[in-house]
Every structure is written in structure tokens, then in C-alpha cells.
Amino acid sequence: MSEEYLLRTENLELAYGAFKAVNGVDLKVRAGTIHTIIGPNGAGKTSLFHCLTGERQATGGAIHFAGRNILGKPAHGRVGLGMARSFQLTSLFQNLSVRENLRLAAQGRDGSKALNFWRSVDSRREHWDMAEQVLERLKLSARADTLAGELSHGQQRVLEVGMSICSRPRLLMLDEPTSGMGIDDIPLMTQLISDLGRDHTVLLIEHNMSIVMSISERITVMSHGQILVEGTPEFVRADERVRRAYLGEAA
Amino acid sequence: MAEQLSQTQPLPFAKTQSRGMLYLVIAVLVGLPLVLPSATLACEILIFAMAALACNLLLGYTGLLSFGQGIFFGAGAYCAALAMIHLQLGLFSALLCAAGAGGLLALVVGALAIRRTGIYFVMLTLAFSQMAYFVAYTLSGWTGGDNGLLDVPRPEISLAGHTLVSLADSRHFYAFVAVLFLLIFMAARRVIASPFGSTLMAIRENETRAAAIGYDTRHFKILVFVLSGAVTGIAGALYAMLLHFVPLSNIDLQMSENILIMTIVGGTGSLFGSLLGAGSIVLLGDFLSDLWPRWLMLLGVILILVVVFMRGGLWGGLAALGKRLGHRDKAVAAAKEEVL
């Protein structure tokens with residue numbers, strides 16, 4: 001059973017004083033799927049995401065990743081296990097080249113081996129190779145030597161997502177990858193995510209409903225820190241409670 | 001595949017550029033004693049350039065503003081001096097002692113200070129600096145307190161009990177310091193080009209992201225502190241040997257400030273900038289103090305000008321100037337071509 005689910009939380013809880021932002025969540029992400037979390041503002045999506053990435057320490061429950069409880073592991077320690085994330089607000093190394101951003105992300109998987117201060121970065125050829133591969137996949141090869149901060153906003157969003165695949169993760173956690181993107185760039189991002197979904201398990205937080213409905217295999221709807229409904233896009237679309245809690249609000 | 005990669009990567013350029021920089025440093029090292037009135041002044045420049053270079057690893061490459069550099073400088077000076085006086089240690093063992101003392105203290109200061117970030121980190125390094133000063137002041141039996149530690153020897157370079165070169169002549173001592181500086185400069189370049197060094201820059205740019213892609217940033221910060229402290233300790237020891245004396249001001253907060261000022265004026269994020277910064281501040285001090293007893297005021301004015309008008313310090317200013325001249329040359333060449 002644990003093999004079937006790459007990521008599984010049990011009664012997960014994140015409390016700020018008396019307020020429980022995440023209140024007993026049992027999330028199950030099947031390996032090899034694109035799984036999206038949606039919900040109205042304040043539903044606890046981002047808090048849940050922070051618990052999963054290690055940015056915040058959950059105050060109760062368990063997080064099983066690939067069969068291990070990783071509840072207390074710090075964010076950097078989760079990369080070596082095969083988890084990677086992107087940020088809702090673009091978070092790049094602005095004054096380093098696009099290629100160096102990707103190479104650093106690949107090197108991150110080395111963990112404390114990267115403390116080696118006497119070898120050249122060229123001694124780890126595989127990180128350059130990975131950067132090169134990802135550049136091609138992101139269609140950013142032509143801009144490899146540009147500073148990340150000089151890319152267009154859309155390209156920065158693409159790089160933001162691309163950095164997360166450099167560590168060869170099993171689970172990609174993407175926090176609103178289309179946030180702030182222009183309408184013209186969105187199809188590109190949609191295509192990139194479904195492309196990444198072919199060889200990674202993807203956990204997605206997204207507001208854009210057309211993307212959510214078109215690429216997700218499973219959708220979890222959250223409300224008030226709890227899971228309201230979970231199922232296929234068709235199932236979720238048809239559910240009366242979801243309409244009331246979320247879609248109804250938009251309509 | 002390999003060929004294709006080498007085509008797409010800017011390595012050859014980086015390598016020629018790096019070699020050019022090395023030649024430039026060697027030229028400066030050879031030229032300094034020829035241009036300057038005394039070898040002692042040239043020694044002083046290189047010693048502070050060493051300390052500024054170590055400070056640059058923290059400030060320029062990792063983004064850590066440390067007021068603790070004077071601790072490591074002073075500790076290096078005291079430890080080397082005491083080891084030479086009481087244990088009759090030779091030149092290299094004394095320098096190793098200084099590097100060890102600087103590195104060890106940097107480990108302690110670094111490990112505690114990086115538990116906080118931003119302004120609180122800076123405050124912690126300041127507090128440590130104050131503490132170190134009063135420790136040195138209190139232990140006057142060892143450090144000589146206000147009077148300083150006198151009669152520091154300058155050992156010769158010896159091998160198996162035989163004296164190879166005496167360093168009593170300040171020109172000989174300069175040659176020794178210059179070789180040491182070159183080695184440290186090359187080592188620092190190597191560190192910067194390593195996985196470790198590239199991660200330092202990632203931390204400087206965006207620590208949250210660096211942690212998110214798998215780096216335990218605390219370990220990187222502590223290690224860069226240790227490396228910086230060790231080099232600063234060596235600089236302190238050399239200064240003690242140069243002066244034959246360790247004044248209490250070596251471990252003063254003012255020393256930390258001076259090292260920081262040299263680093264910033266020279267240009268953060270450029271190792272050659274540290275040499276420029278140390279050179280210009282030491283020379284200005286030497287020149288201005290002859291002109292006017294209140295020369296520190298003039299130095300203040302110059303500092304303000306550099307910080308306000310030269311982002312990236314002297315090195316940044318020179319680089320920008322070079323670029324502009326280059327563009328003008330190109331523009332002129334292009335114009336000529338058009339005419340033709």
C-alpha cells in the first residue's frame with residue numbers, strides 16, 4: 001500500500017496557536033500522477049504545501065514519503081530523498097546565469113558533498129550535463145548565459161519550475177507555477193507541466209481552473225484546513241459541495 | 001557529446017581571463033617594492049590585502065557582513081607571537097599556529113553568529129569583537145595589555161636547523177610575504193571555482209532557494225568563516241612579524257572596520273579588488289598622515305565618494321571604465337568601417 005502512494009500524510013496538522021491552518025489532512029498522492037490541490041483562499045493549501053516542503057514544521061501527524069516518515073526533516077534534507085519544489089513568488093539566483101542556476105540546482109542533490117572546496121565545479125561534469133539537458137527541455141538554450149534576473153517574467157517562471165527537476169526528483173511540488181504569468185505564456189507552462197508529469201509525480205497548487213481541469217489526474221479540494229473532496233476532475237466538477245465552497249464563490 | 005558541451009560552455013574564456021588576472025597580480029607583487037619608498041610599506045599593503053581578501057570571501061561571495069575579522073587578525077598575531085617567544089617556534093609553525101587560532105575562533109564565532117541572519121548576525125559579530133578586545137586587554141600578562149606585546153621575533157626560513165634565508169632585511173621579508181600572498185590568492189580562486197564556492201554565491205543571491213535545492217546553508221557559512229578566519233590569522237601573524245610588536249589595536253573593533261573598509265572600497269566579489277582596496281587605504285593613510293594630523297577626516301571624504309559614485313568599489317569602477325573605453329573603441333571602429 002505504501003508503494004502505491006509516493007506521498008501520504010496522516011492526520012497532518014499545522015497550528016498557529018489555537019488556529020489550525022491544516023487540520024487533520026490525510027492526503028494520498030499516487031506515484032506517477034499529476035495531483036492538484038485547489039480550494040478557496042485561506043483553505044490551507046499553502047500551509048499544507050509548506051509542511052510538505054519542510055518550510056514549516058507540521059505540529060502533528062505524519063508525512064510518509066516513499067515509505068519513510070519525513071515529518072521532522074528540514075527542507076534541504078528532503079532534496080536528497082527525491083523531493084523538489086518551486087516557489088509561488090519567483091525565487092531565482094538573479095545575478096547568476098540561467099545555466100548556473102540550473103547547475104546549482106543539480107549540484108544540490110550532492111548535499112554536504114558540495115562542501116568540497118578544493119575541486120573545480122568542472123570535476124562534476126554531470127551537473128553541467130544536467131543543466132544542459134534541462135536548458136533544452138525548457139527551450140532556454142539560447143539564453144543560457146543571460147543573468148536569470150534579465151529573463152522575461154514568463155521565462156523566469158519557466159526557469160523557476162525547471163530548477164526543480166535538476167535534482168532528478170521523484171516528486172515535484174509546484175506552487176502556483178502560472179502565478180503572475182501573462183495569458184500568452186500560460187499554454188507554454190501547461191504544456192511544460194504535463195510534459196514533466198510524464199516522468200515525475202507532480203503535486204500542484206494552482207488557481208487557474210482550465211489548467212487544473214485539463215492536466216490533473218486527481219484533484220483534492222481543501223476548505224477550512226481540511227480535505228473537502230478528492231477525486232478525478234469530472235468527479236470534482238460535478239460535486240455539489242465543491243460548487244458551494246469554491247466554484248460557487250467564483251460564479 | 002563532449003565536444004558539443006565544450007562548445008556551449010564559456011570555460012575557455014573563463015580560463016584565459018583567470019590566467020590574465022594571475023599575471024596582473026604577479027605584476028603588482030613585483031612592481032610594488034620598486035614603486036614604493038619602502039619595502040615595509042609594501043609588506044603592510046600585502047598583509048592587509050590578505051585580510052581583505054579573507055573578508056571578501058564572507059562579504060563579497062557569501063553576503064555576510066562580519067565585524068569579527070579583527071578577532072581573527074588579533075588572535076593570529078598574539079598566538080604566533082606567543083608561540084615564537086615562549087615555545088621558540090619557527091616561521092612556518094608560528095604561521096600554522098596563527099591559521100589554527102584564526103580558524104578555530106572563526107568556527108566558534110561563525111557557528112554562533114549564523115544562528116541569526118541580517119542585522120542580528122552583524123550585531124553578534126560586533127559583540128564578539130568587543131569581547132575579544134576586552135579579553136586581550138584583561139590578559140595583560142600574556143598580551144602586554146595596553147602596552148602591547150613587545151619583542152616579537154621575525155624568524156628566518158630554515159630547513160632542518162639550517163638557516164636558508166634570513167628575513168631580517170625588509171626586502172627579504174617582502175619577498176616571503178609576496179609568495180605567501182600569491183599562494184593564498186590562488187587558493188582563494190580555487191575555492192571560489194569549487195562546488196563550495198559556487199554554493200556560497202547561491203547563498204548570497206538567495207538563501208531560501210539555496211536551502212530549497214538541497215544545501216544545508218549553515219554548514220557552508222561555517223566553513224567559509226573558518227577559511228576566512230585562518231587566512232586572517234596568517235595576516236595577523238605576518239603583521240606581528242613585520243612590526244616586531246603586537247599592539248592592542250590589532251584586536252580592536254577599529255581593525256575589523258579597517259578590514260571591512262578596504263574590502264568595500266576595493267570592490268566586493270573581486271579578489272583583485274581586495275588588493276586594490278588594501279593598497280589604496282594603506283597608501284592614502286601613509287600619504288595623508290604626512291600632510292595633516294586630522295587625515296582620517298580626508299579618508300572619510302574619500303570613502304564617501306567611492307561608495308556613492310563607484311558601485312562595486314575601485315575594481316567595479318575600473319571595470320566599468322574599461323568597458324566604456326572598449327565600447328568607444330568599438331564604436332569608433334564601427335564608424336570607420338561605415339565610412340570605408
| How many residues are within 7 Å of chain A (Cβ to nearest Cβ), more than 14 Å from B:Gly60 (Cβ to Cβ) and not β-branched (Val, Ile, Thr) when one looks only at segment B:203-219? | 8
| request: Keeping to segment B:220-247, report how many residues are of a type outside the set (A, V, I, L, M) and at the interface with chain A (Cβ under 10 Å from one of its Cβ atoms). | output: 1
| request: Starting from residues that are in contact with a Lys or Arg (Cβ under 7 Å, 6 or more places away or on another chain) and closer than 27 Å to B:Leu41 by Cβ, keep the ones in segment B:154-197 and report whichever is surrounded by the most Cβ atoms within 10 Å (Cβ to Cβ). | output: B:Phe173
| query | Among the residues of segment A:55-80 satisfying the criterion of being assigned to a loop (DSSP other than H, G, I, E, B) and facing another protein chain (nearest Cβ under 10 Å), which is surrounded by the fewest Cβ atoms within 10 Å (Cβ to Cβ)? | reply | A:Pro74
| message | List the residue pairs whose Cβ atoms are under 6 Å apart, where the first residue sits in segment B:267-295 and is in contact (Cβ under 8 Å) with a residue 40 or more places away in the chain, the second is assigned to a loop (DSSP other than H, G, I, E, B) and surrounded by 22 or more Cβ atoms within 10 Å (Cβ to Cβ), and the two are 6 or more positions apart or on different chains. | response | B:Gly273/B:Gly267
| message | So, in segment A:116-134, exactly how many residues are part of a helix (DSSP H, G or I) and either more than 7 Å from every other protein chain (Cβ to nearest Cβ) or surrounded by fewer than 19 Cβ atoms within 10 Å (Cβ to Cβ) (or both)? | response | 10
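For every residue, the table says whether it meets (1) surrounded by fewer than 24 Cβ atoms within 10 Å (Cβ to Cβ); (2) at pLDDT 95 or above; (3) farther than 23 Å from B:Ile264 by Cα.
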residue: B:Thr16; (1), (2), (3): yes, no, yes
residue: B:Arg19; (1), (2), (3): yes, no, yes
residue: B:Leu29; (1), (2), (3): yes, yes, no
residue: B:Ile45; (1), (2), (3): no, yes, no
residue: B:Asn56; (1), (2), (3): no, yes, no
residue: B:Gly60; (1), (2), (3): no, yes, no
residue: B:Ser66; (1), (2), (3): no, yes, no
residue: B:Phe72; (1), (2), (3): no, yes, no
| request: Could you grab me the full set of residues in segment B:246-267 that are surrounded by 24 or more Cβ atoms within 10 Å (Cβ to Cβ) and in a loop (DSSP other than H, G, I, E, B)? | output: B:Gly267
| task | Working only within segment A:95-115, note down all residues that are crowded, with 20+ Cβ neighbours inside 10 Å, more than 7 Å from chain B (Cβ to nearest Cβ) and of a type in the set (Gly, Ala, Ser). | result | A:Ala106
| Positions within segment B:181-192 being at the interface with chain A (Cβ under 7 Å from one of its Cβ atoms) and in contact with a helix residue (DSSP H, G or I) (Cβ under 6 Å, 6 or more places away or on another chain), in sequence order | B:Val191
| message | Need pairs with beta-carbon distance below 7 Å; first residue modelled with pLDDT of 95 or more and within segment B:127-145, second surrounded by fewer than 15 Cβ atoms within 10 Å (Cβ to Cβ); sequence gap 6+ or separate chains. | response | B:Tyr137/B:Gly145
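The values are calculated or read from the model by the stated rules, or taken from the named source; none is laboratory data. As the structure is a computational prediction, the values presented were derived from the model and not from experiment. Cβ atoms come from the backbone with ideal geometry, glycine included; neighbour counts cover every protein chain shown.
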